[in-house]
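Taking it in order: structure first as structure tokens, then the write-up.
The values are calculated or read from the model by the stated rules, or taken from the named source; none is laboratory data. Because the structure is a prediction, the values reported are computed rather than measured. All Cβ positions, glycine included, derive from the backbone under ideal geometry; neighbour counts span all protein chains shown. We work out accessible area using only protein heavy atoms, side chains counted, and drop any ligands, DNA or RNA first. Shrake-Rupley method; radii C 1.70, N 1.55, O 1.52, S 1.80 Å.
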Amino acid sequence: MEDRSLVSFVLASLMVAEERITTQFSGLVGADGSEEEVTFLATQQVDEARHMQFYARFQDEVISERALIAAHVQRAREQVSPAFRTIFDDRLVAAHERLLASPGDVPAKVAFVTIYHLILEATLGLTTFEFSTRFLEGEGLLPGFVAGYTKIHHDEHRHIGYGIWFLRQAVALDTAMGDVVRETLRELLPAVAESLTPPAGADASVLGASADELRAFALDGLTRRLNVVGVPLDSL
């Protein structure tokens, strides 16, 4: 490839994102819920740890030299945007700490699931997968990575299904929870849109899509899921 900057940016973002969503999840497993819900969430935490190991192995064998996951994450952080750090380092961490401090706080759980499952996994995660794998497969690049990333993608759909189910149940039981979803989205959507913008100097057309196309795909998916949850996008 003549220009590797955008693909490198995507790979770095995935490494940082997966470390965050693996290490900032135990609070949800420990939050109040049925035995069935907690059991499912325990399986998701195992999934996330496997995903992090996959990205770390790719860093070991393709991107850099073998190192601890923390070293790969630290190096990858140099490439992610301020908006990305706002979402993953500030808001996700704060929401997780709030849930850890009060496992029975329903609004805290709703806010966390909105950030984690609706924004990070469903909106940012699915959009990144769609356009990056479409490009890599079209160019015949990194087939091993694409194969592993596709398996991760299948796991993420299962996780997202839980998030949509939980939010729909929460909003149906208490309409005030719809306001929690709305407030969380209003605060984070500007950073989400910015994080879908290629870094300075990178050409989005390298992936065969414009920044507007990435945002449109993300917005369409978010709109459909919010309709299922019972909090239409036009109510934000």
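At-a-glance table
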{"item": "Calculated on alpha-carbon atoms, Rg and Dmax of the stretch 120-236 in Å", "result": "16.0, 49"}
{"item": "Tilt relative to the chain, helix 35-58 - C-alpha long axis, 0 to 90 degrees, to 10", "result": "10"}
{"item": "Relative contact order computed over the chain (Cα-Cα under 8 Å; 6+ residues apart), in percent", "result": "26"}
{"item": "With all protein chains modelled, accessible area of D212 [1.4 Å, Å²]", "result": "110"}
{"item": "DSSP-loop GluC sites (Glu not before Pro) across the stretch 66-152, with at most 12 other Cβ within 10 angstrom", "result": "E78"}
{"item": "Carbon and sulfur %, accessible surface of the stretch 122-192 computed with the full protein complex present, 1.4 Å", "result": "56"}
{"item": "Candidates per trypsin sites (Lys or Arg not before Pro) in the stretch 80-158, loop by DSSP, up to 13 other Cβ within 10 Å", "result": "none"}
{"item": "Stokes-Einstein D (µm²/s) once Rh is taken as the Kirkwood radius of the stretch 123-184 over alpha-carbon pairs, at 20 °C in 1.002 mPa s", "result": "156"}
{"item": "Karplus (6.51, -1.76, 1.60) ³J(HN,Hα), θ = phi - 60°, over the stretch 114-129, in Hz, Gly and Pro reported as x", "result": "4, 5, 6, 7, 7, 8, 5, 7, 6, 8, 6, x, 5, 5, 4, 4"}
{"item": "Alpha-carbon centroid distance for the pair the stretch 104-156 / the stretch 31-56, whole angstrom", "result": "15"}
{"item": "Cα-based equivalent ellipsoid of the stretch 61-180: semi-axis lengths in Å, sorted from largest, via gyration tensor", "result": "31, 19, 12"}
{"item": "Within a Gaussian network of the chain (alpha carbon springs, distance under 10 Å), most fluctuating of V46, V171, V29", "result": "V46"}
{"item": "Acute angle (nearest 10 degrees) that the helix 143-173 long axis makes with the longest principal axis of the chain, alpha-carbon atoms", "result": "20"}
{"item": "Burial order of peptide ranges 16-24, 31-39 (average beta-carbon count within 10 Å, highest first)", "result": "16-24, 31-39"}
{"item": "Accessible area of the stretch 25-154 divided out per residue, in Å², using a probe of 1.4 angstrom", "result": "46"}
{"item": "0 to 90° range, to nearest 10: angle between helix 211-229 axis and the chain longest Cα axis", "result": "20"}
{"item": "Listed residues L141, L222, L28, most fluctuating in the chain (Gaussian network, C-alpha, under 10 Å)", "result": "L141"}
